[in-house]
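Take a look at the structure below.
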Amino acid sequence: MRLPRRALPIAYAGLAALDTALAGSSSPDVRRWRLVTKPLLMPVLGSAFAGALARRERHHGGLLRGGTVAAQALSGVGDIALLGRSEAAFLTGVGGFFGAHVAYTTAFASAGQPPAEGSYGGVVGAAAAFTALAPVMGWAAGRKSERLRVPVVAYAGALTTMVAASTRLSPELPRRARRRVVAGTALFLTSDTILGARRFLLDEAPAWTDALVMATYTAGQGLIAAGVAEAVAVG
């Protein structure tokens, strides 16, 4: 039996809400259920937009679609790794999401405006975010472990580059699609900023801040997927 078109996006939203609620619990027994919910996030999101992302692109050579699918897969690796508490698990998660940001950047650049056209306001904003966040997070991560300093700064660079690329999407794409993608990358940046503050700046972060990390992250991923799916549909 074929599922209704909106069933899987709704399933993703429900799963994201459940994982967010579990993340915000102060009970270890309750949070343990995230071993089930969190690894399912990206597979369910990918399935929700699989039909749209399977369409052949006429104008972007498949990179917008393919880069997004690759980014979701690499994000899934990061999701699973960050369930661990060790430094090695954290670095694996950073590596997974670093790769995801490179894939997203490649996807967005493939559908971007020519360098001489459009506004660079979003790029300037992303550069400002890197300038403000990277030194602080690098310093704070280095206090925890010298091994973390360089990966954290490099990650901040990849993240803000991805945000910048999302602001340069071609005006030939639907405005709503472009706005969804930019909103999604902005939420991704917000999520990772909160995550960095939790891990490196706060000695005892309250559980609700972990819920805020997941709420912004899952919403961001969902908006990116929805925006790309709409862009590909008319590409």
*Which members of region 180-209 meet the condition of being buried (at least 21 other Cβ atoms within 10 Å of the Cβ) and among the acidic types (Asp, Glu)?*
ASP192
*Could you say which residue among LEU159, LEU169 is open to solvent by less than 40 Å² (accessible area, probe 1.4 Å), modelled with pLDDT of 95 or more and touching a His at 6+ places or on another chain (Cβ under 8 Å)?*
LEU159
*Could you give every pair whose Cβ atoms fall below 7 Å, whose first residue belongs to region 61-89 and is closer than 26 Å to ARG178 by Cα, and whose second residue is open to solvent by 60 Å² or more (accessible area, probe 1.4 Å), counting only separations of at least 6 or pairs across chains?*
LEU63/THR106; GLY67/THR106; GLY76/PRO43
_Any hit, region 94-105, residues being in contact with a Gly (Cβ under 9 Å, 6 or more places away or on another chain), buried (at least 20 other Cβ atoms within 10 Å of the Cβ), touching a residue at least 40 places away in the same chain (Cβ under 8 Å) and of a type in the set (S, T, N, Q)_ = yes
*Name the single residue, out of those in region 123-156 being open to solvent by less than 60 Å² (accessible area, probe 1.4 Å) and of a type outside the set (Gly, Ala, Ser), that is nearest to the chain's Cα centre (by Cα).*
TYR155
*Tell me, which helices (runs of 4 or more DSSP H) lie completely within region 135-235 with 2 or more residues that are of a type in the set (Asp, Glu)?*
207-234
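This table checks each residue for (1) touching a helix residue (DSSP H, G or I) at 6+ places or on another chain (Cβ under 8 Å); (2) closer than 29 Å to ARG65 by Cβ.
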{"residue": "THR92", "(1), (2)": "yes, yes"}
{"residue": "VAL124", "(1), (2)": "no, yes"}
{"residue": "MET137", "(1), (2)": "yes, no"}
{"residue": "ARG149", "(1), (2)": "yes, no"}
{"residue": "GLY157", "(1), (2)": "yes, yes"}
{"residue": "THR161", "(1), (2)": "yes, yes"}
{"residue": "SER166", "(1), (2)": "yes, yes"}
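The values are calculated or read from the model by the stated rules, or taken from the named source; none is laboratory data. Just so it is clear, the structure is predicted and the values come from calculations on it, not from any experiment. Neighbour counts run over all protein chains shown; Cβ positions are idealised from the backbone, glycine included. For accessibility, only protein heavy atoms count, side chains too; no ligands or nucleic acids. Shrake-Rupley method; radii C 1.70, N 1.55, O 1.52, S 1.80 Å.
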